[in-house]
1. So what's segment B:100-257 giving for Cα Rg divided by 2.2 N^0.38 Å, two decimals?
2. Rounded to the nearest Å, what's the spacing between the alpha carbon centres of segment A:128-155 and segment A:377-414? Just the number, please.
3. What length, rounded to one decimal in nm, is gained on full extension from B:Lys8 through to B:Asn143, with 0.36 nm per residue of separation minus their alpha-carbon distance?
4. Taking a cut-off of 22 Å between Cα atoms, list the lysines near B:Lys255, but don't count ones fewer than 8 places away on the same chain.
5. In segment A:244-395, what is the volume of the convex hull around the alpha carbon atoms, normalised per residue and reported in Å³?
6. Taking chain B, how much of its Cα-Cα pair set, in percent, is spaced more than 26 angstrom apart?
7. What figure in square angstrom, to the nearest 10, would you give for the accessible area of B:Thr213 with a 1.4 Å probe?
8. Points 7 angstrom from Cα along the Cβ direction at A:Glu332 and A:Arg318: gap in nanometres?
Amino acid sequence: MAEKKTLNLNRVEMPKQPHFIRRRNFNEVALGYTPEMAVAEAKRCLQCKKPLCIDGCPVEIDIPGFIKCIADEDFAGSIKLLKEKNCLPAVCGRVCPQEEQCEIKCILSKKGAPIAVGRLERYAAEWEALQAQIVLPEINKNTGKKVAVIGSGPAGITVAGDLILVGHDVTMFEALHEPGGVLTYGIPEFRLPGRVVSREIDYLQKLGVKLVCNYVVGKTKSLKKMLEEYDAIFLGTGAGLPWFMEIPGENLNGVYSANEYLTRVNLMRAFQYPKTYTPVKRHKKVAVVGGGNVAMDCARTALRLGAEEVYIVYRRSRTELPARLEEFENAEEEGVIFHFLTLPEKLFGDENGWLKEIECSRMELGEPDQSGRRKPIRIDGSEFIMPMDACIVAIGNSPNPIIPNSTPGLEVSKKGTIVVDENTGKTSMDRVWAGGDIVTGAATVILAMGAGRKAARSMHEYLTNS
Amino acid sequence: MFEIVERKMIVPNLHLLVVHAPDIVEEIQPGQFVIIHAGEGSERIPLSAADWNREEGTLTIVFMEVGTSTGKLALLKAGDKIPTVVGPLGKPTEIDHFGTVVCIGGCFGMGSIYPVVRALKQKGNYVVTIMEGRSKNLLYWENKLSEFSDKVIKLTRDGSYGYKGHIKKGEDIIRETGIKPDRVIANGCMTLSYKTTKEYSHFNIPVIVTLNTIMIDGTGMCGVCRCTVDGKMKFACVDGPDFDGRYVDWEELAKRRKQYLNEEAFLVHHSGCGGI
Ligand SMILES: Cc1cc2nc3c(=O)[nH]c(=O)nc-3n(C[C@H](O)[C@H](O)[C@H](O)COP(=O)(O)OP(=O)(O)OC[C@H]3O[C@@H](n4cnc5c(N)ncnc54)[C@H](O)[C@@H]3O)c2cc1C
Ligand SMILES: Cc1cc2nc3c(=O)[nH]c(=O)nc-3n(C[C@H](O)[C@H](O)[C@H](O)COP(=O)(O)OP(=O)(O)OC[C@H]3O[C@@H](n4cnc5c(N)ncnc54)[C@H](O)[C@@H]3O)c2cc1C
Ligand code: SF4
Ligand code: SF4
Ligand code: FES
């Protein structure tokens, strides 16, 4: 019989670059556990008989299982268990909102010291990356069925990974010149290094997935024509259409969508300009509108490009802030200034069309709205001016309309999302499945992966029986 | 990888590029463009289709060497490979039986107007094509354009070939010859688009111009190509690049186009064309 463990509430912190250094470089902020740290943290896990943590993980990773392996220093075993359920542990360990998912459900959360599931997951993945040889899983023999995966974000990656393993012939198409979706063009280097994503893409290719970049389905070829060539198609095209605020002055120079700003810096590597050729402005005073992960990423990117003052302008209060707690804290430490309960109303420019100042109103919170959050209400007469030379709009994205617009017969909701069967990811079109942000609207990496997994299962069932 | 079939300078500073891109040419329509990315570190740049050959799978582009990325393209030779040619992007130019259509091409637009001219002629329109350039040695493709035009008018600013003038003169010609256009379509730099709009608006006919906004992805993802048309925000890469010039907010567009002038000024190659 196992002896009863005493509770250890000392959550092992993960080393980070000091804020005064990292706020001016693009290197990763969090440095990861050492083996000793990982084992110490893993040993804190109570190995619950009814592990609550698993309920919090959208892909139901065997959390106690992989943690036990780390505690026993069987790192190969831990990564194997992780990969059974999650093909992107190095990504999820870094960007999952753990404090609302696995970690909040951990029994030790009540004591204020949940097991650092994400950090351990990241550790196991990094351990694997350091091994000379990556062990490839066994692949079923070729079924002769052809699958096209459209979009190479987390949803597409999951489907491609799952279907190649069961023996289908998988080709993944990507509109941009690099794969990875938001993981590549959106989430910055200092939070998710490019090498982590390219490692996962390489792995897929090693398994036999064919990758075709520079291919815009709906433009380069219609979905209908692709169906003549492929037995089944998965749409994982994400939510890439930026919203603007629809207020005066939004087309002034110095006003960006978050996508533009981040794409310049991440995908086009403008942070190395003029060594690279896509320019990015190095603004002095920057306001970022919004309160999610995207807004935090923009604000912290602006700081790293040398801005003197960076503000987050958010219309609700700190309690409603949708960003991951860790990223909010990192941003605050690095010196981002938060203006809560503030709404931009008008943007004013100079004679050359450059942003000069932003007029904002103060807000107060009223009754809860449909989203369950308290509704912000403008306080009349509270207008004030903020001098600013850049404004980055990070208030959300709609699904990319290229495929819906070019595909008659594909059922789409009023919001522009593709309508699917909840259990299978099947769309209204024969042999076409969809999942991820294109179905849910902007959500999270792990939810996109979960949707991909579900669709892959249904696709495999169809391909096997047809 | 996309293989270069040919690259040559056709007139000073303007290059012809033929690239093997079978999937793209299978679908491409007049007025659409591709985005080319010449490799790590380069910019993604939008370039219009000037011609294509579906049997051979080749796409022809005419581009002006203005800066770093077009400068890189100007160094390519047959057999070279470039990693990114993506498209066809944007909405095709509207082609129908309109009656008499005046097609204006300046600079690279003498090339990109060609598929438009051809399609309009095949639809049974009376097509008047105006070729516009600073000087005789900057005009090209007169033969190609003549094949599908009922009338070709040459305009040079120094009067070295055809009529002397820029855009206004073109309008005079139309009055002189008695041709009343039902539609005007212009391809070329922003100055040409803007002046065309100014000079033809009073005919109360659609003045279709391509807007050369700054672009990155070309799929509606980044919003850098946004412009105001008829009071509404439009993305040139997916809602355009053709718009009716009469409703375009030109002042805003001109300012937005200059966003990176400081950054790129030191890279600029002076073409002497006068307008960007
Ligand atoms: C800046 C930013 C930060 C974020 N931070 C976090 C975070 O910390 N944690 C978290 O969990 N989530 C975060 N998210 C959200 C998360 O990244 C997304 O929910 C997730 O990437 C969605 O995955 P997806 O596969 O559905 O789509 P995407 O990742 O959007 O990928 C879709 C891909 O499809 C391609 N595509 C689109 N149309 C076509 C077409 N017609 N043909 C071919 N290809 C096409 C696109 O180019 C893109 O590469 C963040 C998002 C952003 C923008
Ligand atoms: C839909 C569309 C179709 C186009 N088709 C063609 C074409 O068929 N042939 C062609 O030669 N060009 C075309 N252009 C313009 C072409 O994209 C630019 O000339 C090119 O991006 C300049 O790249 P660069 O790196 O060489 O120059 P940069 O180094 O980026 O810029 C050099 C100079 O050009 C200016 N500039 C920046 N962007 C543009 C622009 N979009 N147009 C003109 N000047 C610009 C800069 O301000 C700077 O002064 C098109 C543009 C669009 C939007
Ligand atoms: S995938 Fe995300 S939610 Fe699931 S265990 Fe890992 S970090 Fe937690
Ligand atoms: S709930 Fe917490 S302590 Fe229990 S098994 Fe899960 S991670 Fe370990
Ligand atoms: S170029 Fe990015 S949205 Fe048009």
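The values are calculated or read from the model by the stated rules, or taken from the named source; none is laboratory data. This structure is a prediction, so every number in the text was calculated from the model and none was measured. In this analysis, Cβ positions are derived from the backbone assuming ideal geometry, glycine residues included, and neighbour counts consider all displayed protein chains. SASA here: full protein model, heavy atoms, side chains in, ligands and nucleic acids out. Shrake-Rupley method; radii C 1.70, N 1.55, O 1.52, S 1.80 Å.
1. Rounded to two decimals, the normalised Rg is 1.02.
2. Between the Cα centre of segment A:128-155 and that of segment A:377-414, the gap is 35 Å.
3. The span from B:Lys8 to B:Asn143 would gain 46.8 nm if fully extended.
4. By straight Cα distance, B:Lys255 reaches A:Lys281, A:Lys284, A:Lys285, A:Lys346, A:Lys356, B:Lys195, B:Lys198, B:Lys232, B:Lys234.
5. 113
6. So the portion of pairs separated by more than 26 Å is 38 percent.
7. 10
8. The answer from the label model is 0.4 nm.
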